[in-house]
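A short worksheet on the structure shown next.
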Amino acid sequence: MTETYIGAPIRRREDVRFLTGMSKFVDDVKVPQMLHAAILRSSHAHARIKSIKTTNALAIPGVVDVITFEDIAHLAKPIPIRAYALPGLERYLQYPLAREKVRYVGEPIAVAVAETRYVAEDALDAIDVTYEVLPAVVSVHEALRDEVLVHEENKTNLAARYTISIGDIEMAFRQADYTRREEFKVHRHTGNPLETRGLLASYDSGRGELTVWGPTKVPHLNRAILSSFLNLPEQKIHFIEPDVGGGFGIRGEFYPEDFLIPFAAIKLGRPVKWIEDRREHLMAANHSRDVWCEAEIAARRDGTLLGLRAKLYGDMGGYIRTHGGIVPASTAALLPGPYRIPAFECAVHCIMTNKTGLGTLRAPGRYESCFIRERLLDMVAADLNIDPAELRLKNLIQPTEMPYVLGVTRRGESPTVFDSGDYPMALKRALEKIGYGELRQRQGRYEEGKYHGIGIACYVKNTGRGPFECARVEVRSGNSIAVYVGLASLGQGHETTMAQICADTLGVPIEQITVFHGNTDYLPFGGGTNASRGTVMGGNAVYLAAQEVKRKVLTIAGSYLGMVPSDLELRDGQVHGKGAETEKPLLSLEDVVPLAAPTSRFNPLEPGLDATAYFKSDQMTYTYGTHVAHVAVDPETGKVEVLRYVAVEDVGRCVNPLLLHGQIVGGVAQGIGATLLEDLVYSENGQLLTTTFMDYLLPTSTVVPPIEAIILEEAPSTLNPLGVKGGGEETSLATGATLANAVANALASFGVKVTELPLSHNRVMEWIRRRK
Amino acid sequence: MKPAPFEYFAPENVPEVLALLEQYGDEAKVLAGGQSLMPLMNLRLARPKVVIDINRLSELQYIAPGSNGDLAVGALTRQRTVERSDFVQRENPLLAATIPLVSHAQIRNRGTIGGSIAHADPAAELPALSVALEAEFTVRSSRNQRVIRSQDFFLGYMTTALQPSELLTEIRIPAWDPRWGWAVSEVSRREGDFALVGVIVLLRLDNDVCEKAGIVLFGVGAAPVRMRKAEEMLRGRRADGKAIAEAARIVSEDLEPDSDLHASAEYRKEVAGTLTRRSLVEAISRAREATKR
Amino acid sequence: MSRKHNIIVTVNGKTYERSVEARMTLADFLRDELALTGTHVGCEHGVCGACTIMMNGEAIRSCLTLAVQTDGSRLMTVEGLARPEELQPLQTAFQERHALQCGFCTPGFLMTAYAFLEETPAPTEAQVREAISGNICRCTGYLPIIQAILEAAPIIRSASQER
């Protein structure tokens, strides 16, 4: 395989349409006769619905319908769990519209459909709902008492519970010279892609076929669920993926609206469009990261880690969503991180409260576990008087120990095995880049009104979630090569990276390749994009399909030329004799296309220069890295200024360093924002207080520091032909830990503990005030 | 988030506006720059039956120096116009320094001086600035015209002395004393945000003794707060570290700020003292420079 | 309240005469009435900047402006930036520097940058950083956007000097 494109910083081919306003996001798609929907959402956190009166709403000119549970009852059923279906969670599922009760502010109660969105919102104002307000439970501690029950029929708010157990934890704590116990709280926040959710559904009643624009991230999986809800065969449902304005884990649930909008289109006989507004988004799209953890670590006096045990509580909200218990389960699964900790025990609890449901957000559970573990390590280091970097180097798993079998850390799954990696190298490179040797001297020092601190965090992340991905490569006349891949785009650049892989594997110029993704019609199966699986799963599927096409090309060319295929090679879109670099090509790829036709006598294989391939994997491959930050804290205002941020990431093999660099800078910036600014705050009675961008604060250009990203390729994956590992989510997961450690380091003289996030001005001042 | 329906008027001159305000009273909202009102309307938190768009009133867009050195600014003057005004840059450094702190350029392109003042967000810079500068506001209705002192204008959370039938037409800023030392500083979670705590300080020295001081806090309560006790303490005192510390302490102790999502009352009390101290240092330094010249 | 108001507005050099409801925002007018969907809506309360366009030469939030207020005005949207044959230096620089990922915020940044460079043709990095601080991007972390604007600035300057 020639390597012209893989590993090169190829500029993205999809950019032109975004730069000229020619892109097509779902709200840019317009079809004739389109109606607009608006969702009536509960304004109470916990209430019984006594009545819903729609007469006034229906009387408004331009309002076409108001849909309530009665209208969907014959089709309605709970939205199923697609992953992390811990036993017990299935009792807490959500129907697409509230039945007799609402359990979180923002829960859909009705759908108004009108000629314009403006009129649909007028209809919402005119729908008269009578609630019997119930007390709301808004904290995990309170919910555990089971006094206010979110789902009374289940008699408890503890939806699921299980324990992970590796090694002999009792012995570890008995043998330890030193133990430390702390409580940690990771704050509830969310991804806020700049484009909110949106759907446009159109039903052809003549053919009984439904087309939906807008579903993304896991279109095949969601189509299957929708098919089962509507009793409409999957093949009659066409999902079309337009351009998508970011994901970050927020898209891809099967949300209530994913049923409601297609339902409305079918019921009303006209296309229905629904574009979520930002206020809705903040209260209805996935919330995440809300975990509370009691953690205890055991070590020898010299800093050797012996054991880690924890009790983890996930605040799941009012209903369990399609990703089940992913947040607390994933927090537990990699809590030990890239370290050698012989004994590990973690009790995982999923607790229901009257808040929005907890779902995926970039690297679910791993931002949380990294924060908990890396804070603990810094506490150990401080208590035992060992340098934090030294402590980590001492305990990081060594390359000679690879593959490292951690054990079963996800309930009911195969053991977690770190396939390859040089964890100490990543740490050393990060320390070197920030100049740790010299910078150390400024730790805790007060300079020009600010305290300086350094924070370190090491992480490992599972990527390339299987079990399969599908790709198809097709060559047609006119030098047109199409790659179809079962991934979905959220903005990462698949149209470029998949083209790079195909170009190198097949041996053609990249300009001839177009990549198609996201539409369910392209491929029979697709895994979608999530869990950093794009390059690993999609990339390898494309690789396999392209290889197969190349094999076909050479077989057919050989048959035509009367040569043995193994004496031929495909380079730059031309068939050459192998080793005959300077001679003229024997055939062009375009010449081979008609030779592959169904009627051709030169083709001993299936007709057509195309191939579909599946890359299967039941093992994750582990990306890893280290972040280090230098901060300055103003003890009089609580302001945390990030002076420098270094992010080292090893992806095994990097397909496009320009794009990966972009993911790292973007992910770190996102994580810094989440750690310093973002917070979804509820009042005592379950009202979401942060429903606009005035109160939910996202990082802007003045918040983001200089970010230095280093991409390593020290440890290619042993689990796939390309040797790649995923790189997309892990870039933000260490930011909480890194900045928290840096702030604790800076304020060491105050003895602040930093066991909570975000690191807001107010919280930092409170810590300082308390310790003074 | 689309606004609720409303009746819309875009009058051509002030008497027309006043007639409409007389007719509709508190059912109407005046739309100037829209940077504060439109978000509320889009969120349907404000649902005026009538919107009176005053953007055609070019007669209210002016920056006019008066004969005695005071400055008259038409209420509809865009914040960006004031920011770019050579006169303001030269003649009122505090105004020149405060305007860029207001949100972002795109907001200031449309936002007006009068709009910000009439909207009276307690965390906004311009209302506090007008109090610190002891500005006066000309307010007109179809029946009469009056002048309201800034110290009497801001009554509470987004509440002013403006009656429903009245329109703010002019802001008059007293002549800038070249001997003023000044400072404006705020703590916000991101640049351009509303302040968690903000301070504006003006003071005048005579032989390094404080002759007059103005200390106004914003972001700390329902309206800008003038810290008169601290100002009194400073009058006649030598401008040294002890006086500064004491003034800061009085501000911190006296203040009874609100708690909200972003900061607790304790935070605001403490940081108000810090910012006062820092601002006094800066203002005194400028005042000393000014007396040298 | 569905009374319509007549407006005449010039967008990207083309004049349109339309009849609009008073409450229709300028962002929705551009996108739905004029089918200029390059301007995007991210928050509808003036914070994210995705809806930024130029009105009478200044960058403004189209979600906070009523369509009816643009009668007699001259507007420019991202569609007006691109020449049919080739990209402007700003757009080229954005592509070179990978200053866009999902592309949703991009039109708002381009318009903000365009307006900013007209006023400040030779900015420092700090000035660029401040100029874009009213626009939100969730994907790139801003650094490549700052670099792209700094890269485009001298090219735009020399092109305008030639004119």
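The values are calculated or read from the model by the stated rules, or taken from the named source; none is laboratory data. The shown structure was predicted, so the numbers you read here are calculated from the model rather than taken from an experiment. Heads up, the Cβs are rebuilt from the backbone with ideal geometry, glycines too, and the neighbour counts pull from every protein chain shown. What goes into the accessible areas is simple: the full protein's heavy atoms, side chains included, and nothing from ligands, DNA or RNA. Shrake-Rupley method; radii C 1.70, N 1.55, O 1.52, S 1.80 Å.
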| chain B: most fluctuating residue of B:45, B:20, B:255 per GNM, C-alpha cutoff 10 Å | B:45
| Charged-residue dipole, Cβ positions (Lys, Arg, Asp, Glu), the stretch B:209-273 about Cα centre, Debye nearest 20 | 360
| field | Whole-angstrom gap from the stretch A:155-179 to the stretch A:736-765, using each part's C-alpha centre | value | 27
| said: What do you get for the angle between helix B:14-24 and the principal long axis of chain B? Use alpha-carbon atoms, 0 to 90 degrees, nearest ten. | reply: 70
| query | What residues of the stretch A:660-691 lose no less than 40 Å² of accessible area with every protein chain in place versus their chain by itself (probe 1.4 Å, heavy atoms only)? | reply | A:665, A:677
| task | Determine which residues of the stretch A:427-455 fall in the zone a paramagnetic label at residue A:643 would reach in this model, i.e. backbone nitrogen under 17 Å from the point 7 Å along Cα→Cβ. | result | A:431-455
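Report, in cubic angstrom per residue, the convex hull volume of the C-alpha atoms of chain B.
125
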| query | What are the DSSP H helices in chain C that stretch 18 Å or more along their long axis, judged by alpha-carbon atoms, and whose average Kyte-Doolittle hydropathy comes to at least 0.0? | reply | C:106-119, C:143-162
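In Å², rounded to the nearest 100, what is the total accessible surface buried by chains B and C against each other with a 1.4 Å probe? Present the calculation step by step, with values, prior to reporting the outcome.
Details: alone 14000 and 9000 Å², together 20400 Å².
Buried surface at the B/C interface: approximately 2600 Å².
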| query | Over all distinct Cα pairs, what is the inverse of the mean 1/r for the stretch A:458-570, reported as the Kirkwood hydrodynamic radius in Å? | reply | 14.8
| field | Length-normalised contact order of the stretch B:58-173 in % [C-alpha pairs under 8 Å, at least 6 apart] | value | 27
| Quick one: Cα centre-to-centre distance for the stretch A:225-246 and the stretch B:222-253, in angstrom? | 66
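Rolling a 1.4 angstrom probe over the protein heavy atoms, how many square angstrom per residue are accessible across the stretch B:58-173? Walk me through the intermediate numbers first.
Details: 4390 Å² over 116 residues.
On a per-residue basis, the stretch B:58-173 sits at 38 Å².
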| message | Summing both sides, how much accessible area is buried between C and A? Use a 1.4 Å probe and give Å² to the nearest 100. | response | 4100
| task | Quick one: pull the percent of accessible area on the stretch A:478-537 belonging to carbon and sulfur, 1.4 Å probe, ligands and nucleic acids left out. | result | 54
| query | Tell me, what is the per residue accessible area of chain A in Å², probe radius 1.4 Å? | reply | 33
| query | From a point 7 Å beyond the Cα of residue B:63 in the direction of its Cβ, which residues of the stretch B:134-150 have a backbone N at a distance under 15 Å? | reply | none
| said: Is there a quick way to get the dipole size of chain B? I mean about its Cα centre, with the Cβ of Lys and Arg at +1 and of Asp and Glu at -1; what is the value in debye to the nearest 20? | reply: 480
| note | At 37 °C and 0.692 mPa s, the Stokes-Einstein diffusion coefficient in µm²/s for the stretch A:334-400, with hydrodynamic radius from the Kirkwood sum on alpha carbon pairs, is 231
| field | Dimensionless Rg ratio for the stretch B:58-173, taking C-alpha atoms and the 2.2 N^0.38 Å reference | value | 0.99
| note | Sorted largest first, the Cα spans of the stretch A:153-216 on the principal axes come out in Å as 74, 34, 27
| query | For the stretch B:181-292, what is the convex hull (Cα atoms) projected area averaged across all directions, in square nanometres? | reply | 6.4
| Mind checking the dipole of the protein assembly as shown: about its Cα centre, +1 per Lys or Arg Cβ, -1 per Asp or Glu Cβ, Debye to the nearest 20? | 1140
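Can you list the trypsin sites (Lys or Arg not before Pro) in the stretch A:104-189 that are in a DSSP coil and have 16 or fewer other beta carbons within 10 angstrom?
For trypsin sites (Lys or Arg not before Pro) across the stretch A:104-189 that sit outside H, G, I, E and B with at most 16 neighbouring Cβ atoms in 10 Å, the list reads A:145, A:155.
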| request: For residue B:246 and residue B:258, calculate 0.36 nm times their separation in residues minus their Cα-Cα distance, and state this gained length in nm to one decimal. | output: 2.0 nm
| task | Starting from the Cα of residue A:601, move 7 Å in the Cα-to-Cβ direction to define the label point; list residues of the stretch A:544-564 whose amide nitrogen is under 16 Å from there. | result | A:559-562
| remark: Rounded to 0.05, the calculated FRET efficiency for the beta carbons of residue A:477 and residue A:713 at R₀ = 45 Å is 0.75
| request: Measure off 7 Å from each Cα along the Cα-to-Cβ vector at residue B:157 and residue A:347, then give the distance between these two points in nanometres to one decimal. | output: 4.3
| Point-to-point label distance, residue A:177-residue C:160, nm (Cα→Cβ direction, 7 Å offset) | 6.8
| the stretch C:4-80 - percent of accessible surface contributed by carbon and sulfur, probe 1.4 Å | 41
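Can you give the convex hull volume per residue for the Cα atoms of the stretch C:89-162, as a whole number of Å³?
Once divided by residue count, the hull of the stretch C:89-162 is 73 Å³.
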| In degrees from 0 to 90, rounded to the nearest 10, what is the angle of the helix B:265-292 Cα long axis to the longest principal axis of chain B? | 70
| Between the stretch A:20-49 and the stretch A:76-135, what's the alpha-carbon centroid distance in Å? | 14
| said: Looking at the calculated P(r) for the stretch A:180-331, what percent of the C-alpha pair distances fall above 25 Å? | reply: 44
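Sort out the exposed loop GluC sites (Glu not before Pro) in chain A (DSSP loop, at most 13 other Cβ within 10 Å) and tell me the longest stretch that has none.
Longest stretch, sites excluded: A:148-412.
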| query | By Kyte-Doolittle mean hydropathy of at least -0.5 and Cα axial length of at least 20 Å, which whole DSSP H helices of chain A are selected? | reply | A:366-384, A:539-561, A:657-676
| query | Given the convex hull over the Cα atoms of the stretch B:238-283, what projected area results after averaging over all orientations, in nm²? | reply | 3.2
| request: Calculate what fraction, in whole %, of the accessible area of the stretch B:181-292 sits on carbon and sulfur atoms when a 1.4 Å probe is rolled over the protein chains. | output: 47
| said: From the convex hull of the Cα coordinates of chain A, what is the mean projected area in square nanometres? | reply: 35.4
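Over the Cα atoms of the stretch B:7-53, Rg to Rh with Kirkwood Rh, two decimal places? Working shown, then result.
Values: Rg = 10.5 Å, Rh = 10.9 Å.
My calculation of the ratio gives 0.97.
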| remark: Looking at the stretch A:1-42, residues buried by 20 Å² or more relative to their chain on its own, accessible surface at probe 1.4 Å, turn out to be A:11, A:12, A:15, A:16, A:18, A:19, A:20, A:21, A:25, A:27, A:28, A:30
